[in-house]
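Written below as structure tokens is the structure these notes are about.
Derivation of every value follows stated rules applied to the coordinates shown; laboratory data play no part. None of the values given here were measured: they were computed from a predicted structure. A quick note on method: Cβ atoms are made from the backbone with ideal geometry, for glycine too, and the neighbour counts reach across all protein chains shown.
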Amino acid sequence: MREIEEQAAEAYTERFGENPELIASAPGRINLIGEHTDYNGGFVLPCAVSRRVAVAAGHGSGELYSTNFDEGRRMDDGKDSSWADYPRGVAWAFGEAGREVGDFRAAYAGDVPLGSGLSSSAAIEAATVLALDALFRLDMDRRELAVLCQRAENEFVGVQSGIMDQYASLLCEEGSALLVDCRSLEAQNVPLDLEKVNLTLLVCDTRVERGLADTGYNDRRAACERAARTLGVKELRDARKEDLGRLSGEELKRARHIVTENARVLEATDALRAGDFPDLGRLMYASHASMRDDFEISTRELDAFVELAEAAGAPGARLTGAGFGGCAIALARTGETEALARDVTRAFAERGFEEPVFYKFGPSAGAEVAR
Ligand code: GLA
């Protein structure tokens, strides 16, 4: 068992006086490329990170406990804008899908950084959905479980996110990225062996709260939908480069990002399969420029990180996740990550930015029932 899973198990035993019946855990994610494409029916290429949320669960009377917040909540209390809304939302979504779950109790422990764009919320949903699926012997398909988590997030928690994060958390495999067609919901693992080519994924958390994230995110969604309507297509997935000439202003910029980003995801997947990391890196930089100039979701901190990575000769870098703060990633040569992190920390201090935090993640395993 992983340490974080042990922590959840111990918390369960301490809190409820019995051993848990099972333990499950699910990872956060970074996205290599394909941003804001998921709710446009397009493509994404995320991979799971080694930070996880673990849950220890058993039949019982609806008590929930979080070691991170050191507090107990109840399943049957209404929505209260706390972490407990995720397990409540997941149980609700099972019911909506006609697969009612019975009473349970659960203890959580997690080390996915909260609120920095590494999908801690998808991780708690995915860990919960897998634990309940096993506890109540529902034996549902992982893809169905991911859709159920998205429904919990959209309709219960009330965040209009796409399917990427839940898919990544439930379907990624160790050593691979996951290519998802967010329209058909088909997913394929694409091997990503960075060690072999002496590369590392360096994640820079700019520590800028994604404060505007919700409004900004919903605005971008609405603009994409407007652009699709103007073009007479179901979703921007169906728009081609040639169609963009029929758009102007904000609709043009937003749609140009989506159309070119979808193409970049497919190219990046080919590059990965061919082991062409310089090409993958080039596409990452192009993706960042498109998010900065056309989709307008970058910040000066994220831009600074990407510029410094490029100046230091890193093969690729880009913001990852929703934008408006949060994290950026660099595909960096393994021997050069420490120097890059140092340079970035110094440059951020000079510019009066928050001190960034760095993580190095290899592509990790998706959600698992540990015991
Ligand atoms: C957030 C959402 C995802 C996706 C990304 C942007 O992480 O939860 O569904 O839209 O932003 O790519």
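Translational diffusion of segment 169-259 was estimated from the Stokes-Einstein equation, with Rh taken as the Kirkwood radius over Cα pairs; at 20 °C and 1.002 mPa s the coefficient is 132 µm²/s. Roughly speaking, what is the centre-to-centre gap between segment 149-218 and segment 338-353 when only Cα atoms are used, to the nearest Å? Their Cα centres are 27 Å away from one another.
Between F69, P87, I33, the Cα set farthest toward the positive side of the dipole of segment 1-107 (charges on each charged residue's Cβ, about the Cα centre) is that of I33.
Take the Cα of K360, step 7 Å toward its Cβ, do the same at N19, and the gap between the two points is 3.7 nm.
Based on the reciprocal of the average 1/r between different C-alpha atoms, the Kirkwood radius for the chain equals 20.9 Å.
Take the Cα of R137, go 7 Å toward its beta carbon, and the backbone nitrogen atoms of segment 15-38 under 16 Å from that spot belong to 21-22. Working note: Karplus 6.51/-1.76/1.60 with θ = phi - 60° gives segment 285-301 the couplings 4, 5, 4, 5, 4, 5, 6, 6, 8, 9, 8, 6, 10, 8, 10, 5, 5 Hz, where Gly and Pro are set to x. Volume per residue of the convex hull around the Cα atoms, evaluated for segment 288-353, comes out as 77 Å³. Rg/Rh for segment 69-224 (Cα atoms only, Rh after Kirkwood) is 0.97.
Here the Karplus curve 6.51 cos²θ - 1.76 cosθ + 1.60, taken at θ = phi - 60°, turns the phi angles of segment 29-37 into couplings of 9, 10, 10, 5, 5, x, 9, 6, 7 Hz, with x standing for Gly and Pro.
Taking amide H as placed 1.01 Å from N in the peptide plane, the amide H of V44 sits under 5 Å from that of V180, C182, each at least 5 places away or on another chain. A Förster distance of 45 Å, applied to the separation of the beta-carbon atoms of R74 and A289, puts the FRET efficiency at 0.40. Report the net charge of residues surrounding S82, where surrounding means a beta-carbon distance below 10 angstrom and charges are Lys +1, Arg +1, Asp -1, Glu -1. Value of the local net charge: -1. GNM on the chain, alpha-carbon springs under 10 angstrom: the most fluctuating residue among M164, M284, M140 is M140.
Spin-label pair D238-M1: with each label point 7 Å from Cα along the Cα-Cβ axis, the two points sit 5.0 nm from one another. Give me the base-10 log of I(q)/I(0) for segment 221-371 at each q in 0.19, 0.21 Å⁻¹, Debye formula, one uniform scatterer per Cα, rounded to two decimals. Log10 I(q)/I(0), no solvent term: -1.14, -1.25. Could you please state, rounded to a whole Å, how far the C-alpha centre of segment 19-38 is from the C-alpha centre of segment 272-324? After rounding, the separation between the Cα centres reads 22 Å. The stretch between S82 and S61, if pulled fully straight at 0.36 nm per residue, gains 5.6 nm over its current Cα-Cα span. Computed log10 I(q)/I(0) for segment 42-102 at 0.26 Å⁻¹: -1.18, from the Debye equation with unit scatterers placed on every C-alpha and solvent omitted. Our summary gives the chain a relative contact order of 24 percent, counting only alpha carbon pairs under 8 angstrom and 6 or more residues apart. Based on alpha carbons, the Rg and Dmax found for segment 122-162 are 10.1, 29 Å. Between the amide H of V190 and those of A177, L178, L179, distances stay under 5 Å, these residues lying 5 or more places away or on another chain, with hydrogens modeled in the peptide plane. Taking 0.36 nm per residue of sequence separation and removing the Cα-Cα distance, the A311/E144 pair yields an extension gain of 55.8 nm.
Placing unit charges on the Cβ atoms only, positive for Lys and Arg and negative for Asp and Glu, gives the chain a dipole magnitude near 860 debye about its Cα centre. Measuring spread by the Cα atoms of segment 133-291 yields a radius of gyration and Dmax of 17.8, 53 Å.
Residues whose amide H comes within less than 5 Å of that of G62, counting only those at least five positions distant or on another chain, are F104, R105 (H built at 1.01 Å from N in the peptide plane). Full extension of the chain segment joining D181 with T230 gains 15.3 nm, where the gain is 0.36 nm per residue of separation less the Cα-Cα distance.
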